Every structure is written in C-alpha cells, then in structure tokens.
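*Asks:* Please find one structure pasted underneath; my questions will follow.
Nothing in this text is a laboratory measurement; each read-out follows from the coordinates by a stated rule. What you see is a predicted model, and the numbers here were worked out from it, not measured in a lab. Quick reminder, even Gly has a Cβ in these numbers, built from the backbone with ideal geometry, and neighbours come from all protein chains shown.
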Amino acid sequence: MSGTSIITKRFIKCHNKLREDNRVRSSRQFALSLEYLPQSLSEILKGRRDVTIELLRKAVEKYKINPVYIYTGEGPMFMTEEDHKSFRVLTIVTNAQEDERIVHVPIPAQAGYAAETSDPTYIQDLPTFTLPDYKYKIGTHRSFDVSGDSMEPTLFEGDKVICSFLEPTLYENAMKDNYVYVIVTRGDVVVKRITNMLKEKRQLLLHSDNNFYEDYTVNLGDIREIWYVRAKISPFLPSPQNIQNSLHEEMRQMKTIITKQGQAIQNLNMTVGKALDKK
C-alpha cells in the first residue's frame, strides 16, 4: 500500500470504520451502494489503485464521510447531520490528461450555480479553459462574470475574475480584510471586499467599492463556497490617450464648477453688502 496516495489511505480507513460499526455489511455492499464495481473497490482496498474523485463524491453524499478529513487528515472521519446539510461537494473538470481546467460561470448560469442542489453534470456543461501561468496549474480555480456596478471602479460589468478555491477549514484564519472574494451563498453569487468576523459573530461583512451600495453581512451557514480573486480579465482597455483626455475633461469641468461657485459667492457677498448699506 506504500504506493497509494494519502487520500486513498484515509478513504480506506473510513471504509474500515463503516465495516466496524456495521453501517455496511461488506465491501461488496459498500461498492454497490455507490454504484461502483466491487472488483475495482477491491483493487483500491488492496492499495493497487487510487480512489477516484467521483467515488469520493458519492461516498461523501451517501455516508457523510468528512472531506476535510480525507484531504487534510484533520477533524472527524464523518460529518454530523448539520455539517452534511451545509456541505457542498466541489465538482471539478479535467482534460484527457487529468489536468484540471478552469470552469467559467457566466452571469446566466450563476443562479443555477448557487442553487441548493449541486448537479455535477451542470458544472461539467459550463465552459472551461486554461491559463499559461503556473499558479493556475496548482489547485482548483474558477472564473465568474462580474454583474452590476457595485464594485466600480475596481471591477466593471463584463469583467471576469479568476479565483482560487478556498477550503472551508481556512475561512476563519485565511480570509483577509479588504481583499476581494467571490461569495457563493444559497441563492446568489457576489463579488465583494470582506471584513472577516467569523471568529466573533460567524459572519462576513461584505463591502462594495461603489459607495452607493451599503455594507451587509452574510452568515457562515448561508455560505456554500468562497473563492479568492487573484486576477481579472477586462473586455475594455482604454488607451492612454483616452485616459489623459478623460482626466483633462474632468479637470476642466471642476475648474468650471469652482469658477461658477466663486462667482456665486461673490454675488452673494455683494447682495449682502448692499442690504447692510441700506440699513
């Protein structure tokens, strides 16, 4: 078994614990309950092959195996009923070489993405792509379309944000105040800056860069996924000439406003002066 991955070894420990507790009668019954070939499971249990992502996903759903334990070795082997209800299995997409691809979630798909039921085929039908930067070859990444104007002038509608998946075990200590994250709740996908209040209140405070929008909180229990925004792809790149012209126009308008205000104050002073002279 020395050649098998640590994840497979933890999966085998969970299987053995299910057998010990009589939650499954046999390895064959365990395999069939997960719609998996008993012979293939036998190969995994003997250390001749590694557990597949799909088998792990089914085991998490069926037997409440704790994915945090599977991937980190920390915490209990199995989730409580409450943990299981709030947990969402992350579906990934790979190419023929088993390299993970970046899944893009466009605006029309975001409501379905945030929906209560997580269907792996739904994720697999979304567009995928790769980026040449090495940092996007390690870990799970996703991109989301930005909607609305709440994050202007940092992000505009039509921009795409490229994000890294944040493991739930890291929420409390790894989320940094004033950094931008994609927060997937039970009914929405939002891009916001955050203030991390998880230790004190089990909440995140979400901020918009557009001051027109007020801050609001989201409870930890309503959060399904969190993605750390690492980069953006913008469909519009103004030329330096356009930026310079825009700044000059803003300066010209400000000068005009200040001049008019100065004239208005001068006229007011003259009116007040005349009124005092009459007295």
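*Asks:* In what sequence do TYR171, TYR36 fall when counting other Cβ within 10 Å, fewest first? Show your work: numbers first, answer last.
*Replies:* Details: TYR171 15, TYR36 18.
The fewest-first ordering by Cβ neighbours comes to TYR171, TYR36.
*Asks:* Note down the magnitude of the dipole of the stretch 102-233 about its Cα centre, charges +1 on Lys and Arg C-beta and -1 on Asp and Glu C-beta and zero elsewhere, to the nearest 20 debye.
*Replies:* 480
*Asks:* Can you tell me the length gained on complete extension of the stretch LEU37 to THR217, counting 0.36 nm per residue apart and subtracting the Cα distance?
*Replies:* Extending this stretch completely gives an extra 60.2 nm.
*Asks:* Give me the percent relative contact order of the stretch 6-86, please, defined on Cα pairs under 8 angstrom at least 6 residues apart.
*Replies:* Working: 61 pairs, mean separation 21.4, N = 81.
Over the stretch 6-86, the number comes to 26 percent.
*Asks:* How would you rank MET197, MET251, going from fewest to most other Cβ atoms within 10 Å of each one's own Cβ?
*Replies:* So the residues, fewest neighbours to most, are MET251, MET197.
*Asks:* Between SER26 and GLN263, what is the spin-label point distance in nm, taking each point 7 Å from the Cα along the Cα→C-beta axis?
*Replies:* It is 9.6 nm.
*Asks:* Return the sequence-ordered ³J(HN,Hα) values of the stretch 188-201 in whole Hz as given by the Karplus equation 6.51 cos²θ - 1.76 cosθ + 1.60 applied to θ = phi - 60°, using x for Gly and Pro.
*Replies:* 7, 10, 10, 10, 8, 7, 10, 10, 7, 10, 5, 5, 7, 10
*Asks:* For the stretch 102-233, just say rounded, prolate or oblate: build the C-alpha gyration tensor, square-root its eigenvalues into a ≥ b ≥ c, call rounded for a/c under 1.5, and beyond that prolate if a/b exceeds b/c, oblate if not. Please report the intermediate quantities before stating the final value.
*Replies:* Working: a/c = 1.38, a/b = 1.26, b/c = 1.10.
Cα axes put the stretch 102-233 in the rounded bin.
*Asks:* Another question, then. What relative contact order, as a whole-number percentage, does the stretch 143-229 give when Cα pairs under 8 Å and 6 or more residues apart are counted? Intermediate values should be presented prior to the final figure.
*Replies:* Working: 172 pairs, mean separation 27.2, N = 87.
Answer for the stretch 143-229 is 31 percent.
*Asks:* In what sequence do LEU170, LEU45 fall when counting other Cβ within 10 Å, fewest first?
*Replies:* So the residues, fewest neighbours to most, are LEU170, LEU45.
*Asks:* Considering Cα pairs under 8 angstrom that are at least six residues apart, work out the relative contact order of the chain and quote it in whole percent. Don't jump to the answer; show the numbers that get you there.
*Replies:* Numbers: 368 pairs, mean separation 33.4, N = 279.
Relative contact order of the chain: 12 percent.
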